[in-house]
Amino acid sequence: MNTIDDRTISFIKEHHILTLATSSNNKPYCASCFYVYIEEKNIFVITSDFTTKHIKDVEKQNIVAGAIALETTMIGKIQGIQFTGVMKLLMGNDLKIANKAYINKFPLALLKDTTLWGIFPDFIKMTHNRLGFGKKLIWKK
């Protein structure tokens with residue numbers, strides 16, 4: 001597997017909200033989700049109920065896209081990633097690892113019955129204007 005650039009990993013780990021894009025019956029949908037990233041497994045972990053629109057979409061079509069962005073008005077500081085991948089309900093060892101990481105980052109999740117989902121990226125593109133205007137760091141599985 002290709003190595004993801006350390007600057008991309010650092011950016012992902014500095015943030016905690018991603019925009020998840022799903023699709024069903026040719027209609028796109030977006031949801032904002034708290035996430036934790038598990039670098040060793042290259043998984044974004046979110047929690048969401050089976051009753052949500054985005055999970056109903058994923059149950060029909062589990063190929064998803066997403067984005068994480070730094071909010072800034074300074075063009076030279078723009079950073080963000082866009083990704084694609086497969087999303088699925090976590091089970092077994094992946095669930096055990098994800099649960100520990102998610103609770104560690106978001107302890108209040110202990111108060112809620114959580115269902116953890118993993119997004120397994122196959123493509124990540126980081127725009128990193130601090131390295132030069134329009135600089136892209138691309139990773140493909």
- Task: Could you run through segment 91-129 and say how many residues are under 13 Å from residue 62 (Cα atoms) and aliphatic (A, V, I, L, M)?
- Result: 1
- Task: Check residue 69 against each of (1) touching a strand residue (DSSP E or B) at 6+ places or on another chain (Cβ under 6 Å); (2) under 22 Å from residue 2 (Cβ atoms) and name the one condition it does not meet.
- Result: (2)
- Query: What are the residue pairs meeting all of these: first residue in segment 39-50, first residue more than 16 Å from residue 124 (Cβ to Cβ), second residue at pLDDT below 95 and assigned to a loop (DSSP other than H, G, I, E, B), Cβ atoms under 6 Å, and 6 or more apart or on different chains?
  - Reply: 47/114
- Elements of type strands (runs of 3 or more DSSP E) in segment 1-118, at least 3 residues being surrounded by fewer than 16 Cβ atoms within 10 Å (Cβ to Cβ), modelled with pLDDT of 95 or more and in contact with a Pro (Cβ under 6 Å, 6 or more places away or on another chain): none
- Pairs where the first residue, in segment 104-123, is farther than 18 Å from residue 31 by Cβ and the second is surrounded by fewer than 10 Cβ atoms within 10 Å (Cβ to Cβ) and not hydroxyl-bearing (Ser, Thr, Tyr), C-beta under 9 Å, 6+ apart: none
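The values are calculated or read from the model by the stated rules, or taken from the named source; none is laboratory data. Treat the numbers as computed from the prediction; the structure is a model and nothing was measured. Methodologically, a virtual Cβ is constructed for each residue, glycine included, from the backbone with ideal geometry; neighbour enumeration extends over all protein chains shown.
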